[in-house]
Each structure stands twice: as C-alpha cells, then as structure tokens.
Amino acid sequence: MTNETFTIAIDGPAAAGKGTLSRLIAERYGFHHLDTGLTYRATAKALLDAGLPLNDEAVAGKIAREVELAGLDRDILSKHEIGEAASKIAVMPAVRRALVEAQRRFSTKAPGTVLDGRDIGTVVCPEAAVKFYVTASPEVRARRRYEEILGKGTAADFDAIFEDVKRRDERDMGRADSPLKPADDAHLLDTSEMSIEAAFQAAQSIIDAVLSRNA
Ligand code: DC
C-alpha cells in the first residue's frame, strides 16, 4: 500500500455476502476491486485444463505465478468443481506466495482498492485503511447458495450444499498457512440477520469516518 492509496480489506467465509458487499463498496468509492478467490480459482482451472495434478506444489506454484489478474472471468471460474480444486491448492504455501505477491501489487492502485478473500486483512494487506470480516451462520449461507441455484432454474439439494459449506469452512479455517480468521482490527459484519444492503450502509459509515479522519 502507498500513502496515496486507500485499501479496504474484506474477509470472510464462502457465501457470507462479501462479494456483493465488495462490489457495492468499490462502485460507491470508485475503487478497483479484486476478488482474490478468483486468483485461486484461475490457478486451479489452469491445472485442470492442462491435466496437471492438484497435489504437486511445485507445479501449482509455477502455474500460480503465471495467473493474469486482468483476465479473470467470474462466470467461467464460478463452477463448483473449480471451487473445490481451488480450496485444495489454496493450502499450498508456494501457491499462496505467488498469488499474494500479485494481490499486493494490485492493492497499490490509485485512488483506492477493495480486495476480498480469506487473508486480506491478516496477510495480504495488514496495513489496510479499513478491514471488515463478513460472516453469517453456515445454515444461512447454505440457504442463500441454495436459493441462488434454484433462482437460476437449476435443481439443488440443500443438505449437500450445507455439508459443502461446512467442509469448505473447515478447510479454509483449518489450514496451517494463512487460515481464515478475522484480523484483530477488523470490523465484524454478521449478515445472518442483516440484509446486504444494511451491511453496506454500516460499512459505508465506517469507511466515511476513516476517510474524513484522513482528509
Ligand atoms: O471465495 P472463493 O470460493 O472464490 O475461494 C475459492 C477458494 O480459494 C476457497 O476455498 C478459499 C481460497 N481462498 C484463499 O485461500 N484465500 C483467499 N484470499 C481467497 C480465496
């Protein structure tokens, strides 16, 4: 982060609403936005496409160094199998080192940046001007994902989604390198009983207060 850049770090588990919140914040302040999950997904997809193994750290690290942040396509990368593969390679220090370096470079863009992921406030941008930890109960997150899939006209199995959310949490929170956890100075936004719109209003008040202090 440079002095001229205002960085907002947003972390939290899958389906807590941090993606939507990050996009709303980036739009509101005219900041660049990076969904860092897409960088792990792009690495996983490149491995899958090339028929390379998901358990070879040296190979995965090399592929991670080649990921282009400009070419990340959410529609293609949002597939379930890619998310599963991403969560496996995200435990590898060589992959994390390569992607964190690219994410840090992105975070210095002027006039400001919003990065969302699992380790932004703790590892990628520990000096971020504002940090949020967005969470919701596993049931609520599974319900949201279930309704999102149904909304697309696709069949969905709530129990399978619920198990998947819990398994993903365990992997993200239990890994040795950069586990998912709130930074000590993160503002907690629990969206279990709060709409994303209300979370956005709360986030905005916090950001505005910091911006006016810095002005
Ligand atoms: O948020 P997502 O589902 O797109 O993330 C895909 C995987 O990448 C997920 O299992 C956690 C991992 N990830 C990570 O380890 N660190 C980040 N900063 C972002 C995502």
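Annotation: of all residues in the stretch 24-60 being without any contact (Cβ under 8 Å) to a residue 60 or more places away in the chain and under 19 Å from R145 (Cα atoms), the one that is least open to solvent (accessible area, probe 1.4 Å) is L38.
Residue-by-condition table, conditions (1) within 18 Å of R23 (Cα to Cα); (2) within 12 Å of the ligand (Cβ to nearest atom); (3) surrounded by fewer than 22 Cβ atoms within 10 Å (Cβ to Cβ):
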position: R97; (1), (2), (3): no, no, yes
position: A102; (1), (2), (3): no, yes, yes
position: R105; (1), (2), (3): no, no, yes
position: P111; (1), (2), (3): yes, no, yes
position: A129; (1), (2), (3): yes, no, yes
position: V134; (1), (2), (3): yes, yes, no
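Looking across the stretch 146-178, the residues that are assigned to a loop (DSSP other than H, G, I, E, B), surrounded by 11 or more Cβ atoms within 10 Å (Cβ to Cβ) and without any contact (Cβ under 8 Å) to a residue 60 or more places away in the chain come down to A156, D157.
Only one entry of R74, R118 meets the criterion of being open to solvent by 70 Å² or more (accessible area, probe 1.4 Å), within 13 Å of the ligand (Cβ to nearest atom) and either without any contact (Cβ under 8 Å) to a residue 12 or more places away in the chain or within 21 Å of A9 (Cβ to Cβ) (or both), and that entry is R74. Per the listing K79, K62, K18, the residue uniquely touching an Asp or Glu at 6+ places or on another chain (Cβ under 7 Å) and basic (K, R) is K18. For the stretch 42-61, the criterion of a residue being more than 14 Å from the ligand (Cβ to nearest atom) and among the β-branched types (V, I, T) is satisfied by at least one position. Search the stretch 5-20 for residues being in a helix (DSSP H, G or I) and in contact with a Gly (Cβ under 9 Å, 6 or more places away or on another chain), and hand back the single one that is surrounded by the fewest Cβ atoms within 10 Å (Cβ to Cβ). So the residue we want is G19. Tell me whether the stretch 195-204 contains one or more residues that are outside any helix (DSSP H, G or I), at pLDDT below 95, open to solvent by 40 Å² or more (accessible area, probe 1.4 Å) and under 14 Å from A16 (Cβ atoms). Checked the stretch 195-204: at least one residue is outside any helix (DSSP H, G or I), at pLDDT below 95, open to solvent by 40 Å² or more (accessible area, probe 1.4 Å) and under 14 Å from A16 (Cβ atoms).
When T43 is tested against (1) under 27 Å from R143 (Cα atoms); (2) under 15 Å from the mean Cα position of the chain (by Cα), exactly one condition is not met: (1).
The values are calculated or read from the model by the stated rules, or taken from the named source; none is laboratory data. Just so we're clear, the structure is a prediction, and the values are computed from it rather than from any experiment. Neighbour counts run over all protein chains shown; Cβ positions are idealised from the backbone, glycine included. Please note that ligands, DNA and RNA were not included when accessible areas were found on the heavy atoms of the full protein model with its side chains. Shrake-Rupley method; radii C 1.70, N 1.55, O 1.52, S 1.80 Å.
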